[in-house]
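Worksheet: one structure, shown below.
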Amino acid sequence: MSVIHPSAHPDTDSGIVRTVLPNGLVVLVTENPSADIVAARILVRGGGRHESPEQAGVANLLATVLTKGTERLSSQDIAERVESVGASLGTEATADYCLLGFKTVSADFAAILALSAEIMQSPSLPTAEIELEQRLTLQGIRSMQEQPFSLAYNQLRQSLHSQSSYAISNLGQEKTVIALDRDALLQYYRANFRPDNTVISIAGRIKAEAALAAIAETFGDWQADAPMDPAAAIAPSPIVTSRCTIAQETQQVIIMLGYQAASVHQADYLGLKLLSTYLGNGLSSRLFVELREKQGLAYDVSAIYPTRVHPSHFVVYMGTAPANVTIAIEGLRQEVERLHQVPLTLEELQISKNKLLGQYALGKQTNGQLAQLYGWYEILNMGVEFDRLFQHNTDALDVETLQDIAHRYFKQDSCLSLVGPEGAIAALPPNI
């Protein structure tokens, strides 16, 4: 059994115990005895951003087959062990990390943790399972090609991010997924699935000492084969084109207006989060009230600003009738431009803060949410103190700061992405 590294210590503000094992694995434990449940998130840095363009989708495919067998256990064995105690266990891959998560009652925590350790450290990656999941992934990609929103979003990201991994859906592309094989999955696994690239976040009815001992027992002997290669930074790419379109016979036109935006590590991140909330979050948001309620232009309207390790994107979008495309585009542009021309009122500022912080608090209600949030902050290299800073720094934002941020980001080049009937797209003025 491995000993706990002496760097284990509670965060005095949050009560979270953070530990670094001798092999470099980071452990976070949040004691929450309100229910007899323990949730865990095992996160591996990388996700899609550690893929090469030629192997886009490899992280997602690996995640789907991770639970399909180990050196000792079959896929059926794993499923039976989880279901026999009423637990849940699943995997996923995102733009910035891969994840194995589980939830179980306290009495079964050690057993499910040991099973998770075996899955993470010795997956068998059976070829038959890879080929099955490969077919399912290709079906998912082809299905996305029939969804106007997905088409518009994908072509917008490709214009904003060029060849970086953020330009492509986590599923990958049809041509890249077809080319993936077991060797590609093993190569990605060996490069990224290693203790010094992994965070285990636990929340629930368990003492920190007991959780740490169990993790040291099951993960303490996990060793990396070679030094970790630093991930290449993704710099913002030039916007290749200001307008990209796809003709598709749909009843509405999807309009997306996108801007390159800050990463989570940049000072403007929280200001952009607040502006996204003001513009597009909920039925009282600026876009909903102005473009849907007052002008009747939008079936659906909102804003997207994903949290990313590297530079992200800020998107406003709507679905509108083909006859309204030109005026709808102008309406979206006017609302974004208004942010750097007209400061928010103090009332608008406070309402947006209340909405953002209220939803943030609601996202910390369950053990699963707590384990996910704190583990995610560690993966982002923000640390658990970002939980407090998020709230404090959001509350400190003022109208002048927000207007300055809007001026920097929304006066830059933007990309317009359209998906809809060919006639509606062809009728657009060339300068719009």
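A few remarks follow.
- Screening Val309, Val301 for residues that are at pLDDT below 95 and in contact with a Lys or Arg (Cβ under 8 Å, 6 or more places away or on another chain) leaves exactly one candidate, Val309.
- Only listed residue being closer than 28 Å to Ala95 by Cβ and basic (Lys, Arg), chosen from Arg388, Arg338: Arg388
- Some residue of the range 285-296 being closer than 22 Å to Met144 by Cα, modelled with pLDDT of 95 or more, in contact with a strand residue (DSSP E or B) (Cβ under 6 Å, 6 or more places away or on another chain) and not in a loop (DSSP other than H, G, I, E, B): no
- Identity of the residue in the range 60-80, free of Cβ contacts under 8 Å to residues at least 12 places away in the same chain and among the charged types (D, E, K, R), that ends up surrounded by the most Cβ atoms within 10 Å (Cβ to Cβ): Asp77
- Entirely in the range 341-421, the helices (runs of 4 or more DSSP H) that have 1 or more residues that are exposed (fewer than 13 other Cβ atoms within 10 Å of the Cβ) and modelled with pLDDT of 95 or more: 346-362, 386-396, 399-410
- Considering the range 114-215, the qualifying helices (runs of 4 or more DSSP H), each wholly inside and each with 2 or more residues that are surrounded by fewer than 22 Cβ atoms within 10 Å (Cβ to Cβ), among the small types (Gly, Ala, Ser) and within 25 Å of the chain's Cα centre (by Cα), run over 127-144, 182-192.
- Any chance Thr250 is surrounded by fewer than 16 Cβ atoms within 10 Å (Cβ to Cβ) and either at pLDDT below 95 or assigned to a loop (DSSP other than H, G, I, E, B) (or both): no
- Residue that is more than 24 Å from Ala203 (Cβ to Cβ), at pLDDT below 95, surrounded by 24 or more Cβ atoms within 10 Å (Cβ to Cβ) and not assigned by TED's automatic domain parsing to the domain that holds Leu373, where the choices are Gly48, Gly57: Gly48
- Test for Arg81: is it in a strand (DSSP E or B) and in contact with a Leu (Cβ under 8 Å, 6 or more places away or on another chain): no
- Residue count, the range 97-113 (criterion: of a type in the set (Asp, Glu) and crowded, with 22+ Cβ neighbours inside 10 Å): 0
The values are calculated or read from the model by the stated rules, or taken from the named source; none is laboratory data. Owing to the predicted nature of the structure, the values given are computational and were not obtained by experimental measurement. Here Cβ is always computed from backbone atoms with ideal geometry, including for glycine, and neighbour counts include all displayed protein chains.
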